[in-house]
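Data block below; observations after.
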Amino acid sequence: MDLTLSDTEEAFRDELRAWLEANHPGEPPAGDEEGWAFRVEWQRQLHAAGWAGVSWPKEYGGRGASPVEQAIFSAEMVRADAPSPANVLGLAMGGPTVIAHGTDEQKDRYVAPILSADEIWCQGFSEPESGSDLASLKTKAVKSNGEWVVTGQKVWTTFAHHAKWCMLVARTDQDAPKHKGLTYFLMDMEQDAVQVRPLVQITGEPEFNELFIEEARIPDENVVGGVGNGWMVAITTLMHERSGIAFAAQGQIKRDLAQLVELAREHGVDEDPVMRQRLAQLYIESESLRINAYRGLTQIIKHGQPGPEGSLTKWQWSDLNQSLTETSADIRGPEAPLKDSDWTYRFLRARANSIEGGTTEILRNIIAERVLGLPRLR
Ligand SMILES: Cc1cc2nc3c(=O)[nH]c(=O)nc-3n(C[C@H](O)[C@H](O)[C@H](O)COP(=O)(O)OP(=O)(O)OC[C@H]3O[C@@H](n4cnc5c(N)ncnc54)[C@H](O)[C@@H]3O)c2cc1C
């Protein structure tokens, strides 16, 4: 692909840069509730200025931006050190899935409140016994009097404690082969039959939760993509999850690497030959990530949808972010485990990178089978 920006793309970038300079909200406050309220407000500000759902069609309240402009948007947000909006799962995955597979009524009902952060979304895929092997999930939905009755358990449900809607995959046919017996629902979280219990991460943040679902009700019109098609719809969600991070991820690595070089200078190890090798290696890998992000973008431009290549950038990013933050701990030396800093937080948070959104081992299988065409595992 041609990596030079066109005049229109440059104008888009400059407009966004100017807007971010004038409207940057500063650092989010500490504390889950305060931090969350700040992110909701920030998303409202982005939305009011037309910067939420930039690549979504204009008819659904988006900006109708091209894939290249969406990539510019992600990279510029990182460059400006702008906070994440609140409804990340709705924006990155929920909205695009409804737009791809939903009925006209679903698009009219669900898409706008995602953009405005009036309704927060979470993703109810993983279960205690089904993470990587998602298709083996056991949460079941049974049709009764025109609605679905759902019972089961989900886990690691990010932002479920703030969410109004859950992208829920449940088994609707016990006898069908495991991938074929699934259906994708939009489940209202505001019902007594859905209990949300917080889990605390290694960072101390209560970011995700367990969901206990005991005969929750879902109206038939909240099925997305048809009964029995849940696997196909879930794949759309996952592809958006993995590919959506590529440009923000490469931008974050570039930004953090520049800060890591500064850290090495501050600690007087920037002339150390072994450290220089490590920093150079990180730089080389960050360039490879950047180029692969463009490769994924080419795929989206050609086919209109992210492809399995998005798994490559997700894998590269998690490896690289873990190496980068481990290097920061080595540079800081004995102070690293003793003195809390932003680097401590990044080091701890990076542990989840090779698990969230699909583990590295699973992504390698996808790349081997679906990108390289190697023999299938099963
Ligand atoms: C920060 C964070 C946020 C998350 N948010 C959400 C969310 O919002 N919604 C949601 O549904 N889920 C969420 N998850 C869950 C995440 O998707 C799962 O943890 C992940 O898919 C792995 O599943 P598991 O934990 O059950 O591990 P398992 O599937 O049990 O895997 C255990 C180990 O075995 C390896 N393994 C398993 N199968 C294979 C295989 N076939 N080949 C090779 N190796 C294999 C895995 O790579 C891993 O190392 C989140 C996870 C994290 C860490």
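In the context of the full set of protein chains, residues of region 23-70 present 51 Å² of accessible surface per residue (probe radius 1.4 Å, heavy atoms only).
The charge dipole of the chain, taken about its Cα centre with unit charges on the Cβ atoms of Lys, Arg (+1), Asp and Glu (-1) only, comes to about 1120 debye.
Remark: region 121-229 carries 44 Å² of accessible area per residue (probe radius 1.4 Å; ligands, DNA and RNA excluded).
Of the listed residues Asp192, Asp319, Asp104, the order by accessible area with a 1.4 Å probe, largest first, is Asp192, Asp104, Asp319. Can you tell me the 0 to 90 degree angle between the C-alpha axis of helix 230-244 and the longest principal axis of the chain, rounded to 10? The two axes meet at around 20 degrees. Would you please classify the overall shape of region 241-371 from the alpha carbon gyration tensor, given that a ≥ b ≥ c denote the square roots of the eigenvalues, rounded means a/c under 1.5, and beyond that prolate means a/b larger than b/c while oblate covers the rest? Prolate.
Phi angles of region 97-113 translate, via the Karplus equation with coefficients 6.51, -1.76, 1.60 and θ = phi - 60°, into HN-Hα couplings of 6, 5, 5, 6, 10, x, 6, 4, 5, 5, 4, 5, 7, 9, 6, 4, x Hz per residue; Gly and Pro are given as x.
What accessible area per residue, rounded to a whole number of Å², is obtained for region 241-371 using a probe radius of 1.4 Å?
On the way: 6440 Å² over 131 residues.
Here the residues of region 241-371 average 49 Å² of exposed surface.
Can you check what the net charge comes to around Asn87, using other residues whose Cβ is under 13 Å from the Cβ of Asn87 (Lys, Arg +1; Asp, Glu -1)? So the environment of Asn87 carries a net charge of 0.
Using alpha-carbon positions, what is the distance between the centroids of region 186-237 and region 10-48, in Å? With region 186-237 and region 10-48 each reduced to a Cα centre, they are spaced 28 Å.
Give the carbon-plus-sulfur fraction of the accessible surface of the chain in %, rounded to a whole number; probe 1.4 Å, heavy atoms of protein chains only.
Values: 9420 of 18100 Å².
Carbon with sulfur: 52 percent of the solvent-accessible area.
Based on Cα contacts under 8 Å between residues 6+ apart, region 7-86 shows a relative contact order of 37 percent. Would you mind telling me which residue in Glu241, Glu361, Glu309 has the biggest mean-square fluctuation in a Gaussian network model of the chain, where springs connect alpha carbons within a distance under 10 angstrom? The residue that fluctuates most here is Glu361. Our helix-only sum for the chain, with -39,500 (n - 2.57) per DSSP H run of n ≥ 4 divided by its residues, gives a mean residue ellipticity at 222 nm of -15000 deg cm²/dmol.
Around Arg295, what is the net charge, scoring Lys/Arg as +1 and Asp/Glu as -1 over all other residues with Cβ under 12 Å from its Cβ? Spell out each step's value before the answer.
Values: positive: Arg290, Lys302; negative: Glu309.
Value of the local net charge: +1.
For region 172-212, what does the equivalent ellipsoid look like in terms of its semi-axes, each the square root of 5 times an eigenvalue of the Cα gyration tensor, given largest first in whole Å? Numbers along the way, then the final one.
Numbers: eigenvalues 167, 47, 14 Å².
One finds semi-axes of 29, 15, 8 Å for region 172-212.
Per residue, the convex hull spanned by the Cα atoms of the chain amounts to 152 cubic angstrom. Report the local net charge at Tyr110: Lys and Arg +1, Asp and Glu -1, summed over other residues whose C-beta lies under 13 Å from its C-beta. Taking every Cβ under 13 Å from that of Tyr110, the sum is -4.
Past the 18 Å Cα-Cα mark, which pairs from Lys154/Lys314; Lys138/Lys178; Lys138/Lys180; Lys154/Lys180? Walk me through the numbers on the way to the answer.
On the way: Lys154/Lys314 23 Å; Lys138/Lys178 10 Å; Lys138/Lys180 13 Å; Lys154/Lys180 20 Å.
Violating the 18 Å limit, Cα to Cα: Lys154/Lys314; Lys154/Lys180.
When the P(r) of region 121-229 is calculated, the portion above 19 Å amounts to 39% of the C-alpha pairs. Going by a ≥ b ≥ c, the root eigenvalues of the Cα gyration tensor, does region 293-352 fall in the rounded group (a/c under 1.5), the prolate group (a/b larger than b/c) or the oblate group? Cα axes put region 293-352 in the prolate bin.
Treat every Asp and Glu Cβ in region 121-229 as -1 and every Lys and Arg Cβ as +1, leave all other atoms uncharged, and give the resulting dipole magnitude about the Cα centre to the nearest 20 debye. I would put it at about 240 debye. When only C-alpha pairs under 8 Å and at least 6 residues apart count, what is the relative contact order of the chain, in percent? Across the chain, relative contact order equals 13 percent.
The values are calculated or read from the model by the stated rules, or taken from the named source; none is laboratory data. Nothing here was measured: the structure is a model prediction, and the numbers come from that model. Every residue, glycine as well, gets a Cβ built from its backbone with ideal geometry; the counts of neighbours run over all protein chains shown. With ligands, DNA and RNA removed, areas are computed over all heavy atoms of the protein, side chains included. Shrake-Rupley method; radii C 1.70, N 1.55, O 1.52, S 1.80 Å.
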